[in-house]
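The values are calculated or read from the model by the stated rules, or taken from the named source; none is laboratory data. The structure displayed is predicted, hence computed values, not measured ones. Counting neighbours? That spans all protein chains shown, and the Cβs are built from the backbone with ideal geometry, glycine included. Please note that ligands, DNA and RNA were not included when accessible areas were found on the heavy atoms of the full protein model with its side chains. Shrake-Rupley method; radii C 1.70, N 1.55, O 1.52, S 1.80 Å.
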Amino acid sequence: GESVGLHLPTLSVQEGDNSIINCAYSNSASDYFIWYKQESGKGPQFIIDIRSNMDKRQGQRVTVLLNKTVKHLSLQIAATQPGDSAVYFCAEMPMDSSYKLIFGSGTRLLVRP
Amino acid sequence: AAGVIQSPRHLIKEKRETATLKCYPIPRHDTVYWYQQGPGQDPQFLISFYEKMQSDKGSIPDRFSAQQFSDYHSELNMSSLELGDSALYFCASSFGPFTEAFFGQGTRLTVV
C-alpha cells in the first residue's frame, strides 16, 4: 500500500546547529503534507504544513521543503534548542483519500547541549 | 485557544470488557480522525468522520465502532478488548479536509 517513510530513525545535533529531517512519500497523488512533533506520552503537535502547489514554506525557525519530482519532504529547524528534542513525523493526505492522514515512521531528534 | 479534548486520559480495562473513548473537537471543526499508537510505533489511522458521516476507514478491527454526534464530538467504542488493544488512542480535528489537523493529548488504554 501507499506509505510515507523517513530515512533516519535518530538524528543527533548540537544545540544551536540546524537540523534537517527527511521524509520520502510514495503516493504521487498526495496533495497535502503536515509535519508533527511528538513528545513522550503526548499527542502529535502540529508544526507546519505544505500543499502540493508549493515547494517551500517557512514558519518560526522551521522550513518545510517539498520536492514533488522525487517525492521528498524535509523539515529544517534553525538554531536547534533542547526543547526541540522529540520524535518528528511527516504525514500525508492523498487526494483520493482526503479524510485520512497517513503517518510515516518517526525520526527521533536528540539535541546535545 | 481551545484544543481537542479527549476523555478519559487513562483507562484500565480487563480482557473482554468494553471501553468508550470520547473526543471533543476544536469548536467549529467538522472533521474528526481517530488513531491508535502502540509503544514506539507510528500513529495508525483507524477512522474519520466529516459532518457526522463516516469518511474514511483504516485498520480498525470489527470489534471497534465509532460515530460522530450532532455536536461534532466523537466516540470510539471498543468491545471484547484484547491485550493487544493496549495503546495510546488519539483523535484529531480539522475544519474540512486538507487543512491543519490538531491532535488531542490522547487516551492511554491498558488492557489487563
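Just one of (1) in a loop (DSSP other than H, G, I, E, B); (2) of a type outside the set (F, W, Y); (3) within 29 Å of A:T107 (Cα to Cα) trips up B:K15, so point out which.
Only one criterion in (1) in a loop (DSSP other than H, G, I, E, B); (2) of a type outside the set (F, W, Y); (3) within 29 Å of A:T107 (Cα to Cα) is unmet by B:K15, namely (3).
Identify, by number, the condition in (1) open to solvent by 60 Å² or more (accessible area, probe 1.4 Å); (2) among the hydrophobic types (A, V, I, L, M, F, W, C); (3) within 11 Å of chain B (Cβ to nearest Cβ) that A:V70 doesn't meet.
(3)
Scan the range A:77-103 residue by residue and report those that are surrounded by fewer than 16 Cβ atoms within 10 Å (Cβ to Cβ) and closer than 16 Å to A:R57 by Cβ. Step through it out loud before you land on a result.
First, the residues of the range A:77-103 that are surrounded by fewer than 16 Cβ atoms within 10 Å (Cβ to Cβ): A:78-79, A:81-83, A:95-96.
Of everything in the range A:77-103, just one residue is surrounded by fewer than 16 Cβ atoms within 10 Å (Cβ to Cβ) and closer than 16 Å to A:R57 by Cβ, namely A:A78.
Considering only residues of the range A:83-113 that are over 18 Å from A:P44 (Cα atoms) and more than 14 Å from every other protein chain (Cβ to nearest Cβ), which is modelled with the lowest pLDDT? Spell out the reasoning first.
At the first step, the residues of the range A:83-113 found to be over 18 Å from A:P44 (Cα atoms) are A:94-98, A:111-113.
From what's left, more than 14 Å from every other protein chain (Cβ to nearest Cβ): A:111-113.
Values: A:V111: 97, A:R112: 94, A:P113: 90.
Top of the filtered list is A:P113.
Every residue, every condition in (1) touching a Lys or Arg at 6+ places or on another chain (Cβ under 6 Å); (2) in contact (Cβ under 8 Å) with a residue 40 or more places away in the chain; (3) within 14 Å of chain A (Cβ to nearest Cβ), yes or no:
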{"position": "B:Q37", "(1), (2), (3)": "no, yes, yes"}
{"position": "B:I47", "(1), (2), (3)": "yes, no, yes"}
{"position": "B:S59", "(1), (2), (3)": "no, no, yes"}
{"position": "B:F64", "(1), (2), (3)": "no, no, no"}
{"position": "B:D71", "(1), (2), (3)": "no, no, no"}
{"position": "B:S74", "(1), (2), (3)": "no, yes, yes"}
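Would you be able to say whether some residue in the range A:34-51 is over 21 Å from B:D42 (Cα atoms), of a type in the set (S, T, N, Q), free of Cβ contacts under 8 Å to residues at least 60 places away in the same chain and assigned to a strand (DSSP E or B)?
There is no residue in the range A:34-51 that is over 21 Å from B:D42 (Cα atoms), of a type in the set (S, T, N, Q), free of Cβ contacts under 8 Å to residues at least 60 places away in the same chain and assigned to a strand (DSSP E or B).
Conditions first: (1) more than 8 Å from chain A (Cβ to nearest Cβ); (2) not in a strand (DSSP E or B). B:D42 passes all but one, so which condition is the exception?
With (1) more than 8 Å from chain A (Cβ to nearest Cβ); (2) not in a strand (DSSP E or B) applied to B:D42, the lone miss is (1).
Considering only residues that are open to solvent by less than 30 Å² (accessible area, probe 1.4 Å), assigned to a loop (DSSP other than H, G, I, E, B) and among the small types (G, A, S), which ones fall in the range B:74-112?
The answer is B:G96, B:A101, B:G104, B:G106.
Of the residues in the range B:7-33, how many are touching a helix residue (DSSP H, G or I) at 6+ places or on another chain (Cβ under 9 Å) and open to solvent by 70 Å² or more (accessible area, probe 1.4 Å)?
The first filter runs over the range B:7-33 and keeps only residues touching a helix residue (DSSP H, G or I) at 6+ places or on another chain (Cβ under 9 Å), leaving B:13, B:15, B:19.
Okay, now just the ones that are also open to solvent by 70 Å² or more (accessible area, probe 1.4 Å), so B:15.
Going through the range B:7-33 one residue at a time, the tally reaches 1.
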